[in-house]
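Down below is the structure, laid out as structure tokens.
No lab work stands behind these numbers, since they all come straight from the coordinates. From a predicted model like this one, the values you see are computed outputs, not experimental measurements. Backbone-built Cβ (ideal geometry, glycine too); neighbour counts: all protein chains shown.
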Amino acid sequence: RKEVEQDPGPFNVPEGATVAFNCTYSNSASQSFFWYRQDCRKEPKLLMSVYSSGNEDGRFTAQLNRASQYISLLIRDSKLSDSATYLCVVNGGSYIPTFGRGTSLIVHP
Amino acid sequence: GAVVSQHPSRVICKSGTSVKIECRSLDFQATTMFWYRQFPKQSLMLMATSNEGSKATYEQGVEKDKFLINHASLTLSTLTVTSAHPEDSSFYICSARPYVATANTEAFFGQGTRLTVV
């Protein structure tokens, strides 16, 4: 089983839609969690950290479920500019970031 | 946020030659840098962890004699792809961790280097 698993998609949604991505991780000792966004041929950029209590940043909401070892990202009111690959990142031992393969989102008019 | 500069952003080289990629932390000291490789439509795969002043730790399946890593200072790590072959063509990205880091410290990435071996 891979350490961090994501559905690669692509998720093809119209503008204004709500879309949710899930990510599961295998290491129960993982300490911190992030969602990154990666545009084609660019480096990943931090979208948001994920906390046990859940956190929201504008149209984006992240949730962590430690018991089930998954994290989620919800995007409301999708914009064309949200089209990208969303990477789930888990910090395990020694704080080494481990990446999921990413979920591709395509928002169309 | 912290800035990590990676150079070059794009390189095309002939098969059999070596290519050096630099990763610099511009406004912080990085005791640890990570080197990743990403093939099309794949995730970032950790190649090695580089610690300042010591030998890099390579992930299983990554040839240390082919991918030479040097982390001679707190702000610079280099990756040299030796005797490059077309199958080494990929997107290489470095990531730096600040000297003072916790589990909640995000990863700061360089801009990436797209290597094409012809």
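Numbers below:
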quantity: Three semi-axes of the equivalent ellipsoid, chain B, Cα gyration tensor, whole Å, largest first; calculated: 23, 14, 13
quantity: Net charge dipole size for chain A [Lys, Arg +1 and Asp, Glu -1 on Cβ; Debye, nearest 20]; calculated: 180
quantity: Long-range amide H partners of residue B:105 with built H, under 5 Å; calculated: none
quantity: Whole-Hz couplings from phi, Karplus 6.51/-1.76/1.60, listed for segment A:12-25; x for Gly and Pro; calculated: 10, 10, x, 3, x, 6, 9, 9, 10, 10, 10, 8, 10, 10
quantity: Cβ-Cβ FRET estimate between residue B:83 and residue A:15, R0 fixed at 35 Å, reported to 0.05; calculated: 0.10
quantity: Segment B:1-42 and segment A:47-65: distance between their alpha carbon centers, rounded to Å; calculated: 29
quantity: For segment A:60-72, 3J(HN,Hα) per residue [Karplus equation, 6.51 cos²θ - 1.76 cosθ + 1.60, θ = phi - 60°, Hz, x = Gly/Pro]; calculated: 10, 10, 10, 10, 10, 10, 5, 4, 9, 6, 9, 10, 9
quantity: Sites matching trypsin sites (Lys or Arg not before Pro) across segment B:49-84 that sit in DSSP coil, with at most 11 neighbouring C-beta atoms within 10 Å; calculated: none
quantity: Mean separation of Cα contacts under 8 Å (6+ apart) over length of chain B, as relative contact order %; calculated: 37
quantity: Chain B - Cys residues lacking any other Cys C-beta under 4.7 Å; calculated: B:13
quantity: Hz values of 3J(HN,Hα) by residue in segment B:69-85 - Karplus curve (6.51, -1.76, 1.60), Gly and Pro given as x; calculated: 10, 10, 10, 7, 9, 6, 10, 9, 10, 10, 10, 10, 8, 8, 6, 5, 10
quantity: GNM flexibility winner over chain A from A:85, A:98, A:24 (Cα, springs under 10 Å); calculated: A:98
